[in-house]
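Taking it in order: structure first as structure tokens, then the write-up.
Values quoted throughout were computed directly from the atomic coordinates according to the rules given, and no laboratory measurement underlies them. Keep in mind it's a predicted model, so treat the numbers as computed, not measured. Every residue, glycine as well, gets a Cβ built from its backbone with ideal geometry; the counts of neighbours run over all protein chains shown.
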Amino acid sequence: MEFPEELKYTENDEWLRVEGDVGTAGISDFAQDQLSDVVYVEVTAAIGDTVAKGEVFGLVESVKAAADVYMPATGVITEINEALVDTPELVNSDPYGGAWMVKFELTDASELDSLLNVEAYKQSVEERSS
Amino acid sequence: MTYIPHTPANRQKMLEAIGVERMEDLYEGIPERFKFPDLDLPSRVSEIEIAQELQAYSEANLDTKHIACFLGAGAYNHFIPSVVDHVLRRNEFYTAYTPYQPEVSQGTLQAIYEYQSMIANLTGMDVSNASHYDGATALAEAVILALNQYRLKRKKVILSPKIHPQFREVVRTYMQGVDLEIVGDETCDVDAQTLADLADEETALVAVQYPDFFGSIEDFSALGEAVHAVGAMFCVVVNPLALGLLKPPSEFDADIVVGEGQTLGVPLAYGGPYLGIFATRDKYVRKMAGRLVGETVDSRGQRGYVLTLTPREQHIRRDRATSNICTNQGLIALASAVYLSQMGKSGLRKVAELCYHKAHYAAEEIDKLEDYSLWNQGLFFNEFVVACPQPIVEINELLLDYDILGGYDLGQCYQELQNHMLIAVTELNSKDDIDLLVSALSEVSHE
């Protein structure tokens, strides 16, 4: 299972990549592993929407379960990954790359401090796996 | 084998938990005189006697095999080939239960798949589900789909007043408790242009009926375009039999097509069970309620059928499901599939043509009568409205003396249509029937 070091994580298993003012979010390797085969991804937020940290912005559905996906930090949605409509399996094969779900303009940099770093996230995963 | 899982010890424990001694104590609140009342029933009779008595009761009923039926208004007296019943009565099909196990349900699954395919063909849509209760609940599900499509951000639904009044009532019942504005059907004098003008950025769905409740046929292309111009969804309620003759609603760019499937091989039978048709575009398949059967191959590459996508409403999406309606009319959908396969494309067209021509003959003849006039403007299918000289209840009462079941009293649902009768004509109405109706109407108005 992979946990890229440069990313921030949430307890709900979303990851966040920060590049300047732009955030990119998706769900983690651990999350996709728990869900098993993903068959459907829907981003419920629209481009231009401001979505607060902790609010639902999308949904990932697998053969086993459906899970809401929450914003790791407040932002204005600028891009939605349309590739996931036809190839939801990217969530399983490339969770941190091809399966990014949204890009957004970060509005509150201070929120980033409350996110988990890779070590803290790994520990959270371990606690839940045992 | 006992089907009651609780042992006496279990029961005793439960009684103790709620603090009563005996089961009878639970019924304390019921007054003594109601507990074992003297029912004063007649003495028992033999099976022969009771069968005769019941037969006599049933013969007191009027039925469409013995009188000329001109009543429609959503349920129609059509011919049903005997093969439909023959297939339905095979006991392999006797469960309405969801065939979750493909390894033991290939027949049922394939039948549903064939049904879906034919409905998709007929409506011009990409995909059809495996049915709802009836046309009214199918329309309510279309509203739910549209609301979810816009995530409840659009709160207006526009219904044409020419949609079956009971369908509109069911939509309102389904939507109780949802913060929603249902408009458009306040008076019956609303045309497609008015509906188009009502549609705005707040609108989730615009729905019309085709042919409409009054039988009229309208081209909804412009309305479909106007609805999409404001980003809303467009739903067309159909009589699937009419689609044998008319261009499919896909030509109006409909997003959802729903309808009452009773016209496809289902008997009138006191109002049900009927069949709710629901078909839509590929892009909405994930938001469609009900269930869907798909074709696939097994591990040996052989063709097979499975439930696709839709048990997920309960099993997977659960509280996130947009609708939890999975109940369907499997057996009735099967009847329609058998009917459609028997009729074929040209057969269905012939039935629709017969209905059309017979209805037009009836309308012309009635229009010639002194006191009656045809109300519909323009094209209509197998149903039309007649302005009558007296209350419809009175006319229908008199028509019964001629062994005629008269048309629907529109004044019941449309204040402005008092003394207007909706007359349905099908392939089962002979020319003699129609001529009898015309002369009876003439005599009735002179009585």
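In the protein assembly as shown, helices alone account for a calculated mean residue ellipticity at 222 nm of -10000 deg cm²/dmol, with every DSSP H run of four or more residues adding -39,500 (n - 2.57).
Put in order of Cβ neighbour count within 10 Å, fewest first, the listed residues B:Y115, B:Y372 become B:Y372, B:Y115.
With a 10 Å cut-off between alpha carbons and a GNM built on chain B, which of B:Y76, B:Y100, B:Y284 moves the most? Top of the fluctuation ranking is B:Y100.
Among A:Y40, A:Y96, A:Y70, the residue with the largest mean-square fluctuation in a Gaussian network model of chain A, with springs joining Cα atoms closer than 10 Å, is A:Y40. Pick out which of B:M23, B:M233, B:M175 has the largest mean-square fluctuation in a Gaussian network model of chain B, springs linking Cα atoms closer than 10 Å. Among B:M23, B:M233, B:M175, the largest mean-square fluctuation in the Gaussian network model of chain B belongs to B:M23. Spin-label model, B:Q12/A:S129: points 7 Å from Cα along the beta carbon direction are separated by 5.2 nm. By the count of other C-beta atoms within 10 Å, a proxy for reagent exposure, B:K162, B:K368 are ordered fewest to most as B:K368, B:K162. Counting only residues at least eight positions apart within a chain, or on another chain, the lysines with an alpha carbon under 19 Å from that of B:K345 are B:K247. With an a/c value of 1.5 or above and a/b not larger than b/c for the gyration tensor axes a ≥ b ≥ c computed over the alpha-carbon atoms, chain B is described as oblate. Run through the DSSP bridge list for the stretch B:82-339 and note the antiparallel percent, rounded to the nearest 5. If I count the DSSP bridges inside the stretch B:82-339, around 45 percent turn out antiparallel. A Cα-only calculation for the stretch A:63-102 places Rg and Dmax at 11.2, 31 Å. Peptide A:61-71 has a mean of 3 when you count, residue by residue, the C-beta atoms of other protein chains within 10 Å of its C-beta. Overall, the stretch B:82-339 carries a charge dipole of about 1100 debye about its Cα centre when +1 sits on the Cβ of Lys and Arg and -1 on the Cβ of Asp and Glu, all other atoms neutral.
Cβ crowding within 10 Å, taken as a proxy for footprinting-reagent exposure, orders B:S250, B:S128 from fewest neighbours to most as B:S250, B:S128. Measuring against 19 Å, Cα to Cα, the residue pairs B:K13/B:K35; B:K153/B:K287; A:K8/A:K53; B:K350/B:K431; B:K156/B:K283 contain B:K13/B:K35; B:K156/B:K283 as the ones spanning a longer distance.
Mean separation of Cα pairs under 8 Å and 6 or more residues apart, divided by the residue count, gives chain B a relative contact order of 21 percent. Contact order, relative form, for chain A: 30 percent (alpha carbon pairs under 8 Å, 6 or more residues apart, mean separation divided by residue count). Annotation: the antiparallel percentage among DSSP beta bridges lying fully within chain B is about 55. Helices that extend 15 Å or more along their long axis by alpha-carbon positions and average at least 1.0 on the Kyte-Doolittle scale are, among the DSSP H runs of chain B, B:135-149. Where both bridge residues fall in the protein assembly as shown, DSSP classifies roughly 75% of the beta bridges as antiparallel.
One quarter of the convex hull surface built on the alpha carbon atoms of the protein assembly as shown amounts to 38.0 nm², the projected area averaged over directions. Over chain A, the Kirkwood radius and the radius of gyration, each from Cα atoms, give a ratio Rg/Rh of 0.93.
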